[in-house]
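Quick note: the coordinates plus some simple rules give every number you see, no bench work behind them. Note that the coordinates shown come from a computational prediction; the quantities given were computed from them, not determined experimentally. Every residue, glycine among them, receives a Cβ derived from its backbone with ideal geometry; neighbour counts consider all protein chains shown.
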Amino acid sequence: MTGEVHRPGRIEVVCGSMFSGKTEELIRRMKRAVFARQRVEIFKPAIDTRYSDEEVVSHDHNSIISTPVDTSASILLLTSDVDVVGIDEAQFFDEGLVDVCNDLANRGIRVIIAGLDMDFRGKPFGPIPALCAIADDVTKVHAICVKCGALAYVSHRLVANDKRVLLGEKTTYEPLCRECYAKAQQGL
């Protein structure tokens, strides 16, 4: 059996900077799975309440119902009898997410993950680098640099705060290309 009759487990990662369409792509893939009559479950970190407590919402305000969880281990407890698992804002989860996703894929479940690959300092963020390493498919999406129009490289933080995790939107972050980010870091 091949194709949609026999669905082997797999891990798909959609990563990039803020405002690049990661969540939009996750929602698109999850809605296609629902249309195909697959059983789906979507998770997001409980700390992400920017647009909604219980929905995954893109910056363009497209949404899909989700289950907020505090730890990656909770995902395993809530995924019996599903075909597709979606995970948004994966960078906010603990490193155990890598094993959780491997476990799900090894059970024949398609796992679709969306998250920032780098933090505001340009450093690899949370479990995303390890998830990219074990993924069957990685899609790197790009925002457009708000300074010059090139492909964005990183989410530049606009507010003075050194905390690694700082939830925010357009007033807190802006997408910048590598060159404009370097200039911003030098205060130019």
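Okay, here's what the table says:
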read-out	value
Inter-label distance, nm, simple model (7 Å from Cα along the C-beta direction), residue 186/residue 73	4.8 nm
Highest to lowest packing among 127-137, 113-123, scored as the average C-beta count within 10 Å	113-123, 127-137
